[in-house]
Each structure stands twice: as C-alpha cells, then as structure tokens.
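The values are calculated or read from the model by the stated rules, or taken from the named source; none is laboratory data. For clarity, every value in this text was computed on a predicted model and none was experimentally measured. Because the Cβ atoms are built from the backbone with ideal geometry, glycine has one as well, and the counts that use them run over all protein chains shown.
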Amino acid sequence: MCGCSCPEFEKTLHYVSPAHGGWGVIRVAALIPESYMLFVAPFACGRHGALGGIINNCKDKVSYLFIDEADIVSGHYEHLIPDAVEELFSYLPKRPKVLSIFVSCLDDLLGTDHKSLDAELEERFPGTRFLECHMNPFKGDTKTPPAIGLQNSIYSLLEKRPTNAKQINMIGNNAFVRPECELFGLLEKCGVSVKHIGTCKDYNDFMQMSESCFNLVLSPTAKMAAGKMQKTLGIPFFTSYVSYDPEEIEADYRKLETQLGITLPDFSSFKTEAIQSIKVAQKTVGSYPIAIDYQAVRKPFTLAKVLLDYGFNVQMICTENGVPEFEKEACLAVMQKNPSIKITDAISHKTACFEFENMKCLCIGFDCGYMTKSKHVVVQMDDEGLYGFYGIKMLMKQIISAFENEIDVNSEINSAGLVV
C-alpha cells in the first residue's frame, strides 16, 4: 500500500440534508405481516412519525399515544400504555398478530422496563405479540442505532423450529432483491428457496423464516440480528453486503456453495455479462467525473475501486461518520489509485456551506447530487432491489441513463419521499 490511511472525521454537530433518509423506522416495521404500530411519544416526535407514515403509504398501520410533560415528570406514562392498547384494539377491525410499541429518545433516558411491560400486555391481550421498538436518533453513533435496533427487534419474534435444509433467508435488505437476479435461478436448480420478510404473505409465513438453514446478510444493519439468530435459533450466517465487484460476487457465491453443501450451476456467463456492462458504461461516460454516495450503495469505496479499475474518473465519495471497517481495504486501494480523490462527510455541519456546489460530476445517489446540484444523478437508495451480477448490470444501465439525461434533483428527492 501507499502508506496512507483512511480519513477520520471530527465528531461535530450533524447536518441532515433533504437528501438524507430512505427506509425510516415506520416503513421498516410495517414489513412485519399482520402487524400494527403504536407510537408513545411527545407531540413533536409523533408528528415526525405521522409524516413518515403518510409519505410511505402505511399511515393505516400506525396510531399514537401522545404524552405530555406531566406524564413524563410523574413517570406515569408507561402505565397509560395498557389502557391505550385496549382502546386501540376496540377500534381496529382485526387484532394484529404483532403490535410494535415505539418509544422516543425520552424513554432511553427514563429507563422503562419494557420486558415487564410486554409480559403484562401479552397476558392481558393473548394472541398478540408485543415488540419493543425505539425511535432514538441520538443513538446514531452507538453500536445500536435505530436501524440496527429495529432489525434486532423484528427478528427477535422468530422462535426455534426444525431446520429446512433447502431454505435460506435474505435479511437486511428492506426491499426484496428483484427476481431477475441470477442467484434465485441458480439456487432453484439446486432445490433451494429464499425467504424474505417483504414477500411473506402473512404472520405464519414470516415465522417460517425460523426454519431456514442459513441467513445471507445483505446489509450491515442486520449483522447484529443475524448474530443473535445464530445464538438463539441456531441459524448460521455470513455477510454478503451488496457489491458491484465481480470478483467479490463470485467469492460470495462460492462461500454459499460451501455453506449449503451444493454446487451452483455454471454462472460464468453472468459474470462475463456484468463485466461487459461495466466496459460499455465506461465507454459511454468516458472521463466524465463521478461522485458516489453512501446512501445509494452500502459499499461506496468498493464501487469506486471497481470503477477506477475499469477506467472511470471517480472524483468524490460521500460517506458518514468515517469509513466502516468492512470498507477500509477498499478505501486504501481507492486512495492509492487516486490520491486526490475527495472523501467527504455528508452529515458534517460544514456540508451546509455547499463547498461542492456546481461541481461537474455524475452523481450516484441523492446526497452527492444535492451537494453538487448536478443534473446527472443515478436515482438509487440502499442498493434497493440489486444484488449479484444482475445488480452490476442494472447499476451500469442507470449510470448510462444518468449521463445521457438530465433531472432536477430537488424534484426527485421530493418524489422519493425520504424520511430519516
């Protein structure tokens, strides 16, 4: 290596741009089949949750118990919850299988005994599971920020069952990978099916995820949940965060073969097509500067490394709170290939100064698109729907489209309905 090290960002006041967001806690929790949500929070926090429900078309799955200062000071508010649940259930046409009770940052400071509360609720309302959930953005730089904590809560519902050696789970990717991805066909030929929370028809279908013999973890947000599932349910896992590196994808497929004791059909043609799609995109884009956003892809440094390897002109990477451990090797490789590359903290307060406004670039993601005011933006969040060699081909198509067409990034951000 060149002896350089990955950049460290100062811990400072955060700036949250209109381009920040995606799958907020309400939208993620709404994935649980036959579930409902009750927000227990002060008015301002509840308003944020309500807007998230409206924007993400799941407002019919959320109700609110607003608490005031007197409830907080007296410590009485947790005693209001059982009666609020009873009132809620009297209005709902059908009692949910799961009620996710969301509390705000305030609850973390008060230290509510949720285990006792949940036990009381399950005794009072048999047939419904009660799930402790937190909307606590102040824990964003801890080991269990809201996104990770929610994944832990969701998969804690699963109970140990006999193992189905021909079924695996994909977890962490909130949107199911598009069925065109080659992995599904390869696994199907080996008699292996894939379950994902987003495609479960009902609560019983979701509970069948307990029977899977393996968890394929597609996002860092679910790694801790996978570890807990391995401990409590005996389901092993490995991380296979969405990558656009053909070699990484092949290596993960080989690991999956070993884990499942199968031999996938020959997939070399898919790899060849993916590599060809990168070359076609590079030929189209040429030396036009590229900026990559951590919200668009979970592994922006790995993507940057691949693009640089194939001759793209990558000039900027937007990240958050430094470089994650699983990206440090790629980060060092990128800095070696392009020592002048700009690596910026998208949530630093300095971002509000718009240092990169009017920078000529094609942006992969909303954050860098908003920061630069570029008209050439790949509209992509959280690798949504992408995986494997199929994911490479789709991203390259989006890059070509963004290069050949102009958009108004502010309008696209509004249409995306981003919620923190």
Q) Only one of (1) free of Cβ contacts under 8 Å to residues at least 60 places away in the same chain; (2) more than 27 Å from P93 (Cβ to Cβ); (3) touching a strand residue (DSSP E or B) at 6+ places or on another chain (Cβ under 6 Å) is not met by F9, so which one is it? A) (1)
Q: Please state which one of A352, A330, A346 is surrounded by fewer than 15 Cβ atoms within 10 Å (Cβ to Cβ) and aliphatic (A, V, I, L, M).
A: A352
Q. Is there a residue being touching a Phe, Trp or Tyr at 6+ places or on another chain (Cβ under 7 Å) and in the same structural domain as V377 (by TED's automatic domain parsing) anywhere in the range 251-261?
A. no
Q | Output for the range 377-408, where each listed residue is without any contact (Cβ under 8 Å) to a residue 40 or more places away in the chain and in a loop (DSSP other than H, G, I, E, B) | A | V379, N405, E406, I407, D408
Q | Positions within the range 346-404 being of a type in the set (G, A, S), under 30 Å from P179 (Cα atoms) and out of contact with any Leu (no Cβ under 7 Å at 6 or more places or on another chain), in sequence order | A | G365, G369, G385, G391, S401
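Quick one: which residue in E273, E211, E257 is in contact (Cβ under 8 Å) with a residue 40 or more places away in the chain, touching a Ser or Thr at 6+ places or on another chain (Cβ under 9 Å) and acidic (D, E)? Full working, then the answer.
Details: E273 fails: touching a Ser or Thr at 6+ places or on another chain (Cβ under 9 Å); E257 fails: in contact (Cβ under 8 Å) with a residue 40 or more places away in the chain.
When all the criteria are applied, what remains is E211.
Residue by residue, here is whether (1) acidic (D, E); (2) surrounded by 11 or more Cβ atoms within 10 Å (Cβ to Cβ) holds:
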{"residue": "V40", "(1), (2)": "no, yes"}
{"residue": "G52", "(1), (2)": "no, yes"}
{"residue": "E78", "(1), (2)": "yes, yes"}
{"residue": "L92", "(1), (2)": "no, yes"}
{"residue": "L106", "(1), (2)": "no, yes"}
{"residue": "K115", "(1), (2)": "no, no"}
{"residue": "A119", "(1), (2)": "no, yes"}
{"residue": "E122", "(1), (2)": "yes, yes"}
{"residue": "L131", "(1), (2)": "no, yes"}
Q) Regarding F326, is this residue of a type in the set (F, W, Y), in contact with a Ser or Thr (Cβ under 8 Å, 6 or more places away or on another chain) and assigned to a loop (DSSP other than H, G, I, E, B)? A) no
Q) Could you say which residue among L31, L92 is of a type in the set (A, V, I, L, M) and closer than 19 Å to G149 by Cα? A) L31
Q: Quickly run through the range 133-152 and pick out the residues that are part of a helix (DSSP H, G or I) and either buried (at least 21 other Cβ atoms within 10 Å of the Cβ) or in contact (Cβ under 8 Å) with a residue 60 or more places away in the chain (or both).
A: P137, P146, A147, I148, G149, L150, Q151, N152
Q) Can you name every residue in the range 17-35 that is of a type in the set (A, V, I, L, M, F, W, C) and either at pLDDT 75 or above or more than 23 Å from I292 (Cβ to Cβ) (or both)? A) W23, V25, I26, V28, A29, A30, L31, I32
Q: Pick out the one residue from P179, P220, P246 that is outside the structural domain of P96 (by TED's automatic domain parsing) and either small (G, A, S) or surrounded by fewer than 18 Cβ atoms within 10 Å (Cβ to Cβ) (or both).
A: P179
Q. In the range 285-304, is there at least one residue being farther than 22 Å from T344 by Cβ, assigned by TED's automatic domain parsing to the domain that holds V379 and at pLDDT 95 or above?
A. yes
